[in-house]
Each structure stands twice: as structure tokens, then as C-alpha cells.
Amino acid sequence: MNTPPYDLLGVGIGPFNLSLAALAEPVPGLRTLFCEQRPEFRWHHGMLVDGARMQVPFLADLVSLVDPTNRWSFLNYLREQDRLFPFYFAERFQLPRREYDHYCRWAAERLANCRFGTEVTALRRDGALFLAELTDTATGRQSTVRARNLALGVGTRPVLPEAFARLDGHPGAFHSADYLDRRAELAGARDITVVGSGQSGAEVFLDLLRRHDGDGVRLRWLTRTRALAPMEYSKLGLEHFTPDYTRYFHSLPGPVRDTLVAAQWQLHKAASAETLADIHDHLYERTIGRPIDAAPVEITPGTAVTDARPGPCGGLELHCRHTDSGAAHVLRTDAVVLATGYRAARPAALEPLADLIDWDDAGRYRVDLDHRVATRPELTGGLYVQNAELHTHGVGTPDLGLGAHRAAVILNAVTGRTVHRLPDRTAWTGFAPPPAARPHASVPRPQELTRAATAGR
């Protein structure tokens with residue numbers, strides 16, 4: 001094979017690998033290629049609901065928090081679209097979700113190092129290099145390329161909780177990731193249940209409220225979380241989404257990190273205060289001049305679904321347990337939208353290299369601070385991951401605000417030099433104790449972790 005190897009091959013093109021592609025493009029002499037099996041860029045297509053807004057400021061674009069002069073910035077996108085003045089007068093810090101998707105598509109269609117309709121079907125070791133087998137999804141034509149480093153950006157997959165296993169493939173139940181694509185299937189339902197209290201659950205519930213105002217359809221919102229608490233969004237709380245906190249989190253023992261991620265749900269799994277306020281405002285308007293319970297709406301936190309199955313007479317049965325009282329009950333509904341989150345995906349193409357990867361006891365990647373996966377010595381090329389390191393890098397892992405910084409860290413590591421200068425300090429908060437006060441092998445107690453987590457986003 002006479003073609004020189006790429007310095008970096010990206011597998012998957014979501015926002016994070018797109019950020020890496022955008023920051024890598026202007027680097028002189030750096031050969032990069034990013035491959036995506038889909039024919040075009042798509043980002044949470046099923047949740048591009050009208051009126052839905054981003055939960056991060058517009059500066060959390062592909063490049064600006066590392067290099068605001070880069071031509072792939074959101075402000076340059078506005079300039080190219082002749083929308084700078086409309087954006088200026090709109091005075092919006094958070095973008096409509098549809099606009100963020102359009103911005104990413106604008107960049108993806110113009111970046112020369114992004115190749116769509118190209119699936120990476122297998123990744124193998126080729127001496128000191130990686131060998132990637134590629135398939136053109138339109139023609140089936142196969143080819144191979146070599147690379148010194150890999151960046152896995154394959155995204156996450158929708159989670160189907162075990163309690164809903166019997167409904168897998170049932171036409172009356174689907175994940176919120178497919179909401180817009182399957183919303184029309186809810187047209188005949190007279191009772192619809194949304195499960196999950198994060199941003200997706202709140203947006204689906206709000207959209208259903210708006211679409212079924214006064215038509216008698218019963219809408220239900222269930223969540224095992226005890227309260228519909230909003231996402232923590234105080235200015236100091238947001239410092240959990242800085243490189244400073246990432247470094248601190250990475251330094252903690254594994255069991256402590258796992259406990260923290262679970263305790264910090266309000267930092268990264270809750271709904272925005274604005275969306276919750278919109279739901280309340282809608283219900284308030286609907287019940288003017290009527291009893292508060294006149295609208296056929298149920299909002300029930302602190303309720304876990306322990307089993308779900310097709311009903312004997314049609315519809316679905318949800319077997320529920322109230323968290324505080326332990327009381328069990330059965331709900332009958334026509335349809336369920338599962339806003340039950342996402343989980344990091346392990347791509348099938350990686351299987352030929354699986355024995356060379358140092359997995360942790362839970363079968364997850366061991367990832368260093370530069371986002372490089374630990375591997376056996378004979379695998380000398382760098383294997384990097386994006387949005388698969390929540391367990392090692394903390395709640396900022398899926399946050400778009402850290403995407404450009406992580407991409408810059410990876411580029412600096414891949415090139416072995418400072419391609420992008422990164423700040424040493426990014427937060428006012430000092431997360432670790434002073435060196436003199438640090439006990440050896442200290443492990444915070446669970447109640448201390450809980451208190452620390454509730455001070456965050």
C-alpha cells in the first residue's frame with residue numbers, strides 16, 4: 001500500500017469528532033480523515049422539536065472555546081448565512097436546537113476531511129499503525145486506509161431499561177430518540193405516558209401538551225426521580241464543566257468516581273428550569289376558570305416502572321412502585337415514550353482490537369487524562385475516545401461546552417506539540433484540598449459526595 005498513512009482517523013462524525021475535524025483542518029502537514037456511515041450529518045434528529053433550545057451557550061460550538069478565529073465558528077456560520085444582524089437583535093445566548101444542527105451540517109458538508117456514506121467495518125493492527133477497512137454504503141465498494149491514531153466518536157445509543165424489555169419492538173413503545181420520526185403513530189392513542197425526567201422527557205411532555213390541548217387525550221409523566229428538580233445552572237455550579245474539574249475528577253479513585261457520577265444527576269440529567277417553567281405555564285393557562293384537575297394530565301415523580309408488558313385487552317400495562325411508600329400499582333396506557341437516556345456505544349469495528357485494549361472491571365475503557373485508551377504495549381498507535389469516558393472524566397464528558405477543549409487536547413497529544421494553547425486554570429473553584437491537607441488514599445463518604453454534587457450544575 002503506497003498511500004501514506006493518515007495521522008488521525010476519526011470513526012463517526014457527531015459534534016465531537018466534527019469539532020476535532022474542524023480544529024485539525026488548518027494544521028499544516030497533518031493528514032486526517034473522518035468517516036461516517038450515514039449519508040449526511042444528523043444530530044438527535046428525533047428531538048429537533050420546534051421551540052427546543054440548547055442547554056449551553058452558542059460559544060459551545062465546534063471551535064470557539066479553543067480558537068474563536070477558526071473559520072468553522074458559529075459566528076462565521078452566521079456571517080456566511082447573512083444572519084449576523086438577526087442573531088444580534090435576537091439577543092439569544094442559547095440557540096434553537098434546530099439551528100445548532102444546521103450549523104453542524106453546514107460545517108460537515110464543507111470540511112474536506114469529512115467523508116459521509118463511509119462505514120468503518122473493521123479496525124486492525126498493522127505493525128505500528130492501524131488498518132481500517134471501509135465500505136461505501138451506497139455502492140458496497142470496499143477499501144482500506146492506514147492511520148497512526150484513531151479517534152472513536154461513534155456517539156451513544158438509546159437505553160431501554162430492563163423493565164421495558166418485553167416492549168422492545170412493540171409499536172406502542174419507542175425511545176425519545178425517535179420521537180419526531182414516530183410522533184404520528186401516537187395519533188390514535190387516548191392515553192400517552194412519558195417516562196424519564198431529563199431534558200428529553202420534559203421536551204416530549206411539553207410538545208404533547210401543546211398538541212393535545214383540549215382534545216381529551218390523557219397525558220402522563222412518570223419518573224423514578226423523587227422530584228422534578230431543574231438542571232443546576234448557577235455560575236459557580238457550572239464550573240463542574242471546566243477542564244479544572246475534569247482533571248480533579250480523573251485523579252479520584254474509580255469507586256469514588258462511579259459514586260460521584262450517580263450522585264451528580266442534577267448536573268447532567270435534569271431538565272432545564274425554562275422547560276419546566278413552560279410546562280407549568282401551559283398547565284396554568286389550560287385551567288383558567290376550571291378546577292386544577294380538570295386537565296387530563298398526571299405528573300408523578302418518585303415512581304419506578306418495575307415491569308412493562310402488552311395489556312391483555314390491548315394497550316400496555318406498566319407495573320409501578322412508589323419510591324417512598326413502596327406501594328405498587330398498575331397503569332394502563334395506549335403508548336409509552338421512553339426518555340430513558342443514552343449509553344456509550346462500543347463499535348463492532350473495534351472487535352478485532354478488543355484483546356489489545358485494557359478494559360476495567362466493568363468492561364469499560366481505561367482512559368488517561370489526554371483521552372487516550374490504555375492498551376497493551378504492542379499496540380503503539382494512539383486510540384482516543386470522545387464521549388465514552390464519563391466514568392473517568394466526569395459529568396462534562398457529554399457536554400458540548402467541553403467538546404472543543406477535548407478535541408484540542410487530543411490534537412496536541414497526537415502531534416506531540418502545542419497545536420492549540422490551552423489555559424492552565426479555567427475555574428474560580430478549587431475542587432481538590434490543598435496539598436498539605438490531602439490524606440493518603442482518602443475516599444469521601446457517600447453523604448459528602450452527595451453534598452458536593454448538589455452544589456453543581
>> open to solvent by less than 10 Å² (accessible area, probe 1.4 Å), outside the structural domain of A308 (by the TED database) and not acidic (D, E): is that true of A108 in this structure?
In response: yes
> Name the strands (runs of 3 or more DSSP E) wholly within the range 314-396 that hold at least 1 residues that are of a type in the set (S, T, Y)?
Replying inline: 328-333, 342-344, 382-385
> If you take the residues of the range 415-445 that are open to solvent by 90 Å² or more (accessible area, probe 1.4 Å) and part of a helix (DSSP H, G or I), which of them is modelled with the highest pLDDT?
Replying inline: P435
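Let's see how each residue does on (1) of a type outside the set (V, I, T); (2) assigned by the TED database to the domain that holds F34; (3) over 25 Å from P243 (Cα atoms); (4) crowded, with 21+ Cβ neighbours inside 10 Å:
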residue	(1), (2), (3), (4)
A354	yes, yes, yes, no
R366	yes, yes, no, no
H371	yes, yes, no, yes
L383	yes, yes, no, yes
> Taking the range 31-88 as the search range and keeping residues that are closer than 24 Å to V154 by Cβ and in contact with a His (Cβ under 9 Å, 6 or more places away or on another chain), which one is surrounded by the fewest Cβ atoms within 10 Å (Cβ to Cβ)?
Replying inline: G46
> Looking at Y284, Y342, which one is among the aromatic types (F, W, Y), within 25 Å of R190 (Cβ to Cβ) and open to solvent by 30 Å² or more (accessible area, probe 1.4 Å)?
Replying inline: Y284
> Which of the residues that make up the range 268-282 are among the charged types (D, E, K, R) and closer than 14 Å to Y233 by Cα?
Replying inline: K269, E274
> List the pairs whose first member sits in the range 24-53 and is free of Cβ contacts under 8 Å to residues at least 40 places away in the same chain, whose second member is not in a strand (DSSP E or B), and whose Cβ atoms are under 6 Å apart, counting only residues at least 6 apart or on separate chains?
Replying inline: R31/D7
>> Six or more apart or on different chains, Cβ atoms under 6 Å: show the pairs whose first residue is in the range 130-156 and under 18 Å from A354 (Cα atoms) and whose second is small (G, A, S) and part of a strand (DSSP E or B).
In response: F130/A147; E133/A122; N149/G382; A151/G10; G153/G10
> Of all residues in the range 94-132, which are outside any helix (DSSP H, G or I) and among the small types (G, A, S)?
Replying inline: A112, G117, A122, G127, A128, A132
>> Exactly one of these conditions fails for D278: (1) in contact with a His (Cβ under 9 Å, 6 or more places away or on another chain); (2) of a type outside the set (V, I, T); (3) assigned to a helix (DSSP H, G or I). Give me its number.
In response: (1)
>> Among the listed residues V297, V367, identify the single one that is touching a Ser or Thr at 6+ places or on another chain (Cβ under 7 Å), in contact (Cβ under 8 Å) with a residue 12 or more places away in the chain and among the β-branched types (V, I, T).
In response: V367
> Which one is nearest to the chain's Cα centre (by Cα), of the residues in the range 161-173 that are touching a residue at least 60 places away in the same chain (Cβ under 8 Å) and open to solvent by less than 70 Å² (accessible area, probe 1.4 Å)?
Replying inline: P161
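The values are calculated or read from the model by the stated rules, or taken from the named source; none is laboratory data. Here the structure is a predicted model, which means the values were calculated and not measured. A quick note on method: Cβ atoms are made from the backbone with ideal geometry, for glycine too, and the neighbour counts reach across all protein chains shown. Ligands, DNA and RNA are excluded from the accessible area calculation, which covers all protein heavy atoms including side chains. Shrake-Rupley method; radii C 1.70, N 1.55, O 1.52, S 1.80 Å.
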